[in-house]
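Following: one structure in structure tokens, then a few remarks.
The values are calculated or read from the model by the stated rules, or taken from the named source; none is laboratory data. Here the structure is a predicted model, which means the values were calculated and not measured. Quick reminder, even Gly has a Cβ in these numbers, built from the backbone with ideal geometry, and neighbours come from all protein chains shown.
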Amino acid sequence: MAEKYDVAIIGAGHNGLIAAYYLAKAGKKVVVFEKKENVGGRCVTEEITEGFRSSVCLDDISLFSKKVFQDLGLKNKGISAATDPLAISLLPGKALIQWRSPQKFAQEIATFSEKDAKEYPKYHEFMDKVAKNLGIACAKTPPDILNLPHSDLVDLGKYWLKLRKMGKRDMLEFLRAASMSARDFLDEWFESDALKGLLAAKALMGNALGPYSPGTAATLFLQHILSYHSASLGHPQGGMGKLSEALEQAGQTYKVEVRKENEVQEILIEEGVVKGVLLQDGTEIHSQVVASSLDPKTTFLKLCSPPKVSLKLRNLVKNVKSQGVSTKINLALKELPHIALVQGAEKEALLSARYFIAPSLEYLEKAFDATKYGRYSENPVIQFILPSFIDPSLAPKNKHVLSITAQCTPFRLREGSWAEHQDKFADIVLEKLGVFLPNLKDIIEHRQVLSPSDLEANFSLNEGHIYHLDHTMDQLFLMRPIPGSAQYRTPLDNLYLCGAGTHPAGMVNGLAGHNAAQKILKDWKG
Amino acid sequence: MSKKNVYDCIVVGGGHNGLVNAAYLARSGRKVLVLEKRHLVGGAAVSEEIYPGFTYSVCSYVVSLLRPQIIRDLELARHGLEVLPMDCSFTPMLDGNYLARWSDAEKTRREIARHSKRDAEVYGEFSKEMVKISKFVKPILEMTPPRANEIHLSEMKDMHGMKTRFQGLGADQKTQLLKIMTMSASEYLDQWFETEVLKATMAVSGIIGTFLGVKSPSTAYVLLHHYMGEIDGAFRSWGLVKGGMGTVSNSIAAAAREHGAEIRTSTPVDQFIIKKGEAVGVALENGDEIYAKVISSGLDPYRTFIGLAEPEHFDDSFLDQVKRYKFRGSSGKVNLALDACPDFTCFPGQGMHLQGDIAIAPSMDYLETAYDEAKYGDFSKRPYLNIVIPSLSDPTVAPPGKHVMSIFVQYAPYFLKEGTWPEKREAFGDAVIDTLAQYAPNIKDIILHRQVLTPWDIEQEFGMTQGNIFHGELSLEQLFFLRPVPGWAQYRTPIKNLYLCSSGAHPGGGVMGAPGYNAAQMILKDWKGK
Amino acid sequence: MGIGTALHNKTRELCQSLRWKEWAGYFAVESYGVCHLPEYYAIREQAGIMDISPLYKYEIKGKDASLFMNYVLAKDVTKIKPKQVSYCVWCDEEGKVIDDGTVFCFSSEHYRVTAANPALRWFQENSPGFEVEIEDVSEEIAAISLQGPKSRDILKRITSAPLDELKYFWFTEDKLAQVDVLISRTGYTGDLGYEIWMKVEEAEKCWDKIMEAGKDYGLRPVGLMALDMARVEAGFILIDVDFYSSKHTMTESQKSFPQEISLGWTVSLKKPHFVGKKAIQEQKRQGFKYQLVGIEIDWDDLERAYEEVGLPPSLPHSAWRCMVPIHHKNRQVGYASSGCWSPNLKKYIALATLEAPYAKIGTDLTMEETIEFSRKKIKAKVVKKPFFNPARKTS
């Protein structure tokens, strides 16, 4: 006799755990299956070499939803408030420091462009206005564009009214900007390459998109909206794994059962209706609902037997853009690296910031160009943080870990494999970093390079995409992951998606898990 | 100056949209005057004998989407318009192979099957799907866009109609429509086909006249345009025009004149005469002033609002938006007079394959590389070329045995990172000929005359800002209710009685005539209220 | 514009009328002689030979071939035995017919499908999850159809295949003119007949051999016009004439469920999931809206209508293919899609798609007929199909 649950969740990533929490809290009997021995999915702290631990996959929770943070009572779990500054862009001989306060940031911008310094607070205000009015859309199930039931028309009407609240000018400005390229949008506001490069790099990270591509301005809005409604968190003490543990603990209050080292082999489907899951060890688990926090491709194409999913759905999912372009490099360092541009009284604060090498939009676009031809960029876009500076427990005394994300490195290389190329690419990244961190090369004790291919293998990310799917126009909001299935509910009865591949976005924010749980509960009543 | 000279409407700019606008206004009984700066009407749709004995369609070179309704209403066939069908779409390749798509479906199927059996099977299904989606999109092209920020009752009706039609589509078509509006041509075609050369030759319609690559999001939408013709009942709306593109303009002009419109060429306008926020007439460069109840501008938005009016008549926000409106011309044109017919290595001889359009677009990578070269401010060294040899179908444009060749070239960005266009013009022309010579080596030996038009030349000669052939990029943020300026997409302008009837208004560029037609309807509608 | 088949040299020599038609991109003879009626009579009285090479052919091989076929086809393929042929349809996910064709079962791991339209992509796209290989052999295999009461006698002279034992819709593999051939007792005429399948290189050899053997039996090459009459008599429907592939329609209303084109018998709703099952089941619950039936047009009434304008009755000599409105009382309830005067039955017959309530045998209807510039309504009646069903077809 198979075991029975109300909801079986596949994958104990943060979204899976958050969905489990809300469902269990509403009285459902919930089980979460996790392939690995630790929870967290992309949000894990693992040892890179003896004595050194790091957030080996994702390392940023600055967009984590305030609502989810409060609902799950994460405040007292050692997850700290964000650092100030938010980001630092390293440029030849100069750094651009993005302070939390737009005014203070404007002062920094002034050293690059007086004009931009004046414009920036206005830009920030406009973006805040959009975020304030449209934030609600991120914490709700998007309308079903294919069927447009009455309730969704009402929602659309509400969004339109929200837009109108911004005033005629700003509303039209937003509607116009939403489909623009990041370059065209930022060019209209600013002249400084450094500023534009930094803003675009933050928004485009993880995506196979260049800032010249139409629709990329939307990623600027998305990033700002999520940030506006975030809990303003910094890198957690104990790394990203700490967050995941906190989420697991929150679930335990409501008896969420997390079964680790229990891989789901197949989703059980009978005549289009999902009945449960089959585990690798042959156990069948029956449940009313199955929710997958894995990406849509893995969910529909790997976990479902092909004849049981309609060709139409399979083709739509197959065509979803999910090519990972990021490579993660984790370094174990003998000592604190010297960042040439960081000096003075504020050094402490500066060292806990997130760093970018993204000097201009042209630089970003050129890095992206290579992707289109299945090559990796010789001039990659790089971001890094020093987690051990924030939390010394991550490394032996006086030693450090450096967490680097670099792109563009397409998963599908035209020539050769990542196993052959990843060290060459890591060398390029370290070379680039060496310009700003002169002693870096001499202090590396160990390096861990995770190419898109490794990210796929280690974190169950289809094609190694750290956000499951690109944040392109056709894969956001009511089209994420595919039109007609953006409501977390899928065409297969009783199967839901609750992962990064669903609305609102792939960056760690927890809203997909939250929204999916609400949708499941709503449908349950019906 | 004489006050007596009062017209109902003055149309500034005798391009095809201006002429269509004038013809419809005249047809409904208005007294109309068209003012054209050049010595001939037509704007970018002109035929000129640049080299003795050879007639070039200097700028635009084929009719694609000229609204059938306009052809019927204005009786353009009676006024001389003859569209010659293009039988083949030929794409040579460097490896000795080629792809030829014919108007004969079976022949095309077999030809595609030579490259991929699977694609041959899909090709027909793809066309059907595109036609279905076009059925939804076409009425949008014909409607006046809503204002978006506030909703008027009559617009509610239009919007509701759109919604009803959308819901009338099958789930598949809805999905396809949503995808095609946002995806890149490359991604969209990848979902259907596997043959590079087939995808490439189809994808180019998504980039013509834009400064985007085939892999840029939002380029898929234009693929639909190719299928719009089919719902008009015409098998293929693509065609050459007998006597060159000037015939289109001349036939519209003839229709306008027959309805009583007056057309003056070599009459450049200096500025609009605006009194108390109302357009009352135009001042000519020669100092004359002509008055009219309505002014309709067939020029692009920049030339209309910045070029012909003083800034004091607009609020800053409007002017700011006009200045931000993107032109960025990205294409050039090379016209050749040839001593003989070009001979393609992969398909020798003067066969039917040359009697259509010839595309140098052998692969998606080729096209994307051309874009990548250009987007940082240089012309493509190996550009996309769209070539027609009108003299093969129309003996009136060249002496017997000799030919004219029209080469549309992309990309040639208006803004160069280094140097100026007058300095680079010939180098650009050389790059085009060198590219073509890779496929048709005899080309260099048979050129009698070469005319190279860079975006800069197009701006100088034809008055199209930044050389954009569509009066502004056809990118999503400049389409529909956003074209040219959000809130001003209804052909009206902030100045009372001044209207915009050019490609800078919805639905945009191409020798389509829709903006001219729509604007005329709006002018007449407003007239009733007077 | 077409190209020639593997037998083009043979058919071209014989085609005196120069009447060609395009069939799947190939030249196909409409009628060899100036009049096609002798060819029709050959099928019904002696024997006719046809080049049917333009058909699309696919080989489905692999461990899961049977499972796969059972998944894409509406019929229960597991019931088809080796050496058996079966007439099948396949539907899209909305349960609408994409195409019909015959399935040859070699073993549970090897099938061959013939189709009117290309189906490679459809089969391939549906194949993930099955261990099968799908190969397009359309251009490798040629086919000759030999139809008519004398067809067996002719074949017996040139092959030792056990034709007397070969039952209707079964096949055997043997030699003919020293060539390996597959002989199936199938056809599109509703008569005794065989289809012979061979490699394209050897098609001419087989053609010659059959022609020679047929001399004494009045064997004639027959074209599509004669075939079209025979198939209407046999009640066989034709794609793009009597129904449309759901892949090639412009509107939803042009698509059909198998049950709506009289092919309900090829659908097995009892077997496990197949493409379109859910939708067909759902529609079955609601009831199918249309049915495809045979109708017979009342000759006396037709004669009367002609007489009214002072003309003798006249009908086209060949089968027609166009949509003709059918009324019940004064309301249109359907349309006829193909029809002909049956020389054999001496009846005017047609295939018609009718709203289900009017499709019962015996229902009185009227069909439009244009007589001397004006449209008349002629009495017609729903009758049993096939119109012509000789015992020799299956005996």
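Values computed for the structure shown
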read-out	value
The one condition in (1) without any contact (Cβ under 8 Å) to a residue 24 or more places away in the chain; (2) basic (Lys, Arg); (3) farther than 30 Å from B:Asp378 by Cα that B:Arg324 fails to fulfil	(3)
Residue check, B:Leu240 closer than 22 Å to B:Phe462 by Cβ and crowded, with 21+ Cβ neighbours inside 10 Å	yes
Qualifying residue in the range C:306-314 (condition: in contact with a Cys (Cβ under 7 Å, 6 or more places away or on another chain) and not β-branched (Val, Ile, Thr))	no
Any hit, the range A:75-98, residues being farther than 24 Å from A:His229 by Cα and either acidic (Asp, Glu) or in a loop (DSSP other than H, G, I, E, B) (or both)	yes
Members of the range A:485-495 that are surrounded by fewer than 21 Cβ atoms within 10 Å (Cβ to Cβ) and either within 11 Å of A:Leu146 (Cβ to Cβ) or within 12 Å of chain B (Cβ to nearest Cβ) (or both)	A:Pro491
For A:Val44: the one exception among (1) closer than 16 Å to A:Tyr254 by Cα; (2) crowded, with 24+ Cβ neighbours inside 10 Å; (3) of a type in the set (A, V, I, L, M)	(1)
Test set (1) buried (at least 22 other Cβ atoms within 10 Å of the Cβ); (2) hydrophobic (A, V, I, L, M, F, W, C); (3) part of a loop (DSSP other than H, G, I, E, B) - C:Ala161 fails condition number	(1)
Single unsatisfied condition, A:Thr83 versus (1) at pLDDT 95 or above; (2) within 17 Å of A:Ser403 (Cβ to Cβ)	(1)
Any chance A:Gly210 is within 19 Å of the chain's Cα centre (by Cα) and at the interface with chain B (Cβ under 8 Å from one of its Cβ atoms)	no
Matching strands (runs of 3 or more DSSP E) fully within the range B:273-356 where at least 3 residues are closer than 30 Å to B:Leu436 by Cβ and modelled with pLDDT of 95 or more	B:331-338
Selection count where residues are more than 14 Å from chain B (Cβ to nearest Cβ) and either hydrophobic (A, V, I, L, M, F, W, C) or out of contact with any Ser or Thr (no Cβ under 7 Å at 6 or more places or on another chain) (or both), scope the range A:454-484	9
Tally of residues being more than 20 Å from B:Phe470 (Cβ to Cβ) and either of a type in the set (Val, Ile, Thr) or facing chain A (nearest Cβ under 8 Å) (or both) across the range B:197-217	3
Those residues of the range A:326-348 which are polar (S, T, N, Q) and in a loop (DSSP other than H, G, I, E, B), in sequence order	A:Ser326, A:Gln343
Selection count where residues are of a type in the set (Ser, Thr, Tyr), surrounded by fewer than 24 Cβ atoms within 10 Å (Cβ to Cβ) and within 24 Å of B:Gly472 (Cβ to Cβ), scope the range B:283-313	1
Residue ranges of helices (runs of 4 or more DSSP H) in the range C:36-136 with at least 3 members of a type in the set (A, V, I, L, M)	C:37-45, C:65-72
Considering residues of the range B:283-340 that are basic (Lys, Arg) and out of contact with any Asp or Glu (no Cβ under 8 Å at 6 or more places or on another chain) only, the residue nearest to the other protein chains (Cβ to nearest Cβ)	B:Lys323
Filtered residues of the range C:114-140 (kept if within 14 Å of chain A (Cβ to nearest Cβ) and touching a residue at least 12 places away in the same chain (Cβ under 8 Å))	C:Ala119, C:Trp122, C:Phe123, C:Asn126, C:Ser127, C:Phe130, C:Glu131, C:Val132
Residue, nearest to A:Tyr373 (Cα to Cα), within the range A:163-207, restricted to residues that are within 12 Å of chain B (Cβ to nearest Cβ) and of a type in the set (Asp, Glu)	A:Asp184
Matching residues, the range B:80-107, being more than 22 Å from B:Asp343 (Cβ to Cβ) and surrounded by 20 or more Cβ atoms within 10 Å (Cβ to Cβ)	B:Leu81, B:Val83
Residues located in the range C:237-291, provided they are over 20 Å from the mean Cα position of the chain (by Cα), within 14 Å of chain B (Cβ to nearest Cβ) and touching a residue at least 12 places away in the same chain (Cβ under 8 Å)	C:Ala279
Selected residue [touching a residue at least 12 places away in the same chain (Cβ under 8 Å), not charged (D, E, K, R) and not in a strand (DSSP E or B)] from B:Thr91, B:Thr108	B:Thr108
Lone qualifier among C:Asp174, C:Asp216, C:Asp191 - being under 23 Å from C:Trp23 (Cα atoms), among the acidic types (Asp, Glu) and either in the same structural domain as C:Glu22 (by TED's automatic domain parsing) or outside any strand (DSSP E or B) (or both)	C:Asp191
Of all residues making up the range B:341-369, the number that are among the small types (Gly, Ala, Ser), more than 14 Å from every other protein chain (Cβ to nearest Cβ) and closer than 25 Å to B:Asp190 by Cα	2
Test: residue in the range A:326-338 that is aliphatic (A, V, I, L, M), away from chain B (no Cβ under 14 Å), under 28 Å from the mean Cα position of the chain (by Cα) and surrounded by fewer than 22 Cβ atoms within 10 Å (Cβ to Cβ)	yes
Lone unmet requirement of (1) away from chain C (no Cβ under 14 Å); (2) outside any helix (DSSP H, G or I); (3) closer than 30 Å to C:Glu282 by Cβ for A:Thr299	(2)
Within the range B:178-196, considering residues that are under 22 Å from the mean Cα position of the chain (by Cα) and part of a helix (DSSP H, G or I), the one farthest from the other protein chains (Cβ to nearest Cβ)	B:Ala185
Of all residues making up the range A:87-109, the number that are out of contact with any Ser or Thr (no Cβ under 7 Å at 6 or more places or on another chain) and surrounded by 15 or more Cβ atoms within 10 Å (Cβ to Cβ)	12
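Table: residues versus (1) of a type in the set (Phe, Trp, Tyr); (2) farther than 28 Å from C:Gly25 by Cβ; (3) in contact with a helix residue (DSSP H, G or I) (Cβ under 6 Å, 6 or more places away or on another chain); (4) assigned by TED's automatic domain parsing to the domain that holds C:Tyr188.
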{"residue": "C:Val85", "(1), (2), (3), (4)": "no, no, no, no"}
{"residue": "C:Lys96", "(1), (2), (3), (4)": "no, no, no, no"}
{"residue": "C:Gly101", "(1), (2), (3), (4)": "no, no, no, no"}
{"residue": "C:Phe104", "(1), (2), (3), (4)": "yes, no, no, no"}
{"residue": "C:Tyr111", "(1), (2), (3), (4)": "yes, no, yes, no"}
{"residue": "C:Ala119", "(1), (2), (3), (4)": "no, no, no, no"}
{"residue": "C:Asn126", "(1), (2), (3), (4)": "no, no, yes, no"}
